[in-house]
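For reference, the structure discussed in these notes is given below.
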Amino acid sequence: MKLKHLEMILQRIAGYHHPRAALEQYQTPAPLAARLLYHALMKGDIEGKTVCDLGCGTGVLAIGAALLGADCVKGIDSDPQAVREANANAALLDADVAFFVGDVRDAALPGCLGRCDTVVMNPPFGAQKAHADRPFIDLALSIAPVTYSIFNAGSTQFIETYTAERAEIDERVGGVFPIKRTFSFHTHDVQEIEVEILRLIRK
Ligand code: SAH
């Protein structure tokens, strides 16, 4: 499948019906999701692999991984409504993904999820709750040797320091995340946030 084709398919994924600001529920736009997934595919991290999407929301990254030929895909989110929406999106696109309700801070989660090859994620950036992204990074590094994650542009240094002994960043791809006016504190119809996709390799 070509990148453009993947992007077109992912455009069909329905967004959150009732997005929750406290959980930083912003669906990754199809072009950015496709870019992350296609990059991972080219690196050999998707096809035939077990892939896990942490904070899967409506499922765009997990569903895309399944459509690109991952062997087994799991997605977890703490919001049961998001998981229902992810299941509906997977059915719409005929993607085989096991979605679960779960909180990344739950110490039992690594045992439930089991080992996987690749984590793909767009965690909360910590705008509503400081350091909300940290348990995502911790869990990702505990279950998979390779992680692709979207962060605010300029986060690389923090991530490097935070993961110091545990991982190294071996690639960084810049991108843009257009955020449509969703919550009452949004002051623009669309605001473009500069982001970066980091590939973390567990040491
Ligand atoms: N990965 C999706 C959603 C990104 S928004 C996408 O790319 O479109 C971040 C998601 O993380 C939200 O769906 C939110 O419900 C979820 N989330 C926030 N805190 C969480 C936690 N502690 N455990 C699991 N999921 C969480």
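The values are calculated or read from the model by the stated rules, or taken from the named source; none is laboratory data. If you're wondering where the values come from, they're calculated on a predicted model, not measured in any experiment. Here the Cβ is made from the backbone with ideal geometry for all residues, glycine too, and neighbour counts use every protein chain on show. Just the protein is used for accessible areas: all its heavy atoms, side chains included, with ligands, DNA and RNA removed. Shrake-Rupley method; radii C 1.70, N 1.55, O 1.52, S 1.80 Å.
Figures for the structure shown
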read-out	value
Lys, Arg +1 and Asp, Glu -1 on Cβ, resulting dipole of region 124-203 about Cα centre, debye, nearest 20	240
Heavy-atom surface of the chain, accessible at 1.4 Å and reported per residue (Å²)	47
Furthest towards positive pole of dipole, I76, A132, L93, structure part the chain, Cβ charges	L93
For region 27-156, convex hull volume per residue from C-alpha positions, Å³	101
With every protein chain in place, the chain: carbon and sulfur % of accessible area (1.4 Å)	51
Selection of GluC sites (Glu not before Pro), region 105-195, meeting DSSP coil and at most 14 other Cβ within 10 Å	E165
Placed amide H near V119: partners under 5 Å, 5+ positions off or other chain	C52, V146, T147, Y148
Amide H contacts of F100 (H built 1.01 Å from N, under 5 Å, at least 5 apart or other chain)	G75, I76, D77
Relative contact order %, region 75-203, counting alpha carbon pairs below 8 Å whose residues are six or more apart	21
J(HN,Hα) series, region 190-203, from Karplus relation 6.51 cos²θ - 1.76 cosθ + 1.60, nearest Hz, glycine and proline x	9, 10, 8, 9, 6, 10, 9, 9, 10, 9, 9, 10, 5, 7
Accessible heavy-atom area order of C112, C52, highest first, probe of 1.4 Å	C112, C52
A167 long-range amide H proximity, modeled H, under 5 Å	K203
Inter-site label distance for V173 and L3 at 7 Å from Cα along Cβ, in nm	0.7
Region 118-136 versus region 24-102: alpha-carbon centroid distance in Å	16
Cα-centred dipole magnitude for the chain, charges only on beta-carbon of K, R (+1) and D, E (-1), debye, nearest 20	120
Chymotrypsin sites (Phe, Trp or Tyr not before Pro) restricted to DSSP loop in region 75-143 with at most 12 other C-beta within 10 Å	none
D106, D77, D138, reordered so the largest accessible area comes first (probe 1.4 Å)	D106, D138, D77
Trypsin sites (Lys or Arg not before Pro) within region 33-105, DSSP loop, no more than 13 other Cβ atoms inside 10 Å	R105
Cross-link table K2/K43; K43/K129; K4/K129, entries beyond 24 Å C-alpha to C-alpha	K43/K129; K4/K129
Residue-wise HN-Hα coupling along region 32-44, computed from phi with Karplus coefficients 6.51, -1.76, 1.60 (Hz; x: Gly, Pro)	6, 4, 5, 5, 4, 5, 5, 4, 4, 4, 5, 7, x
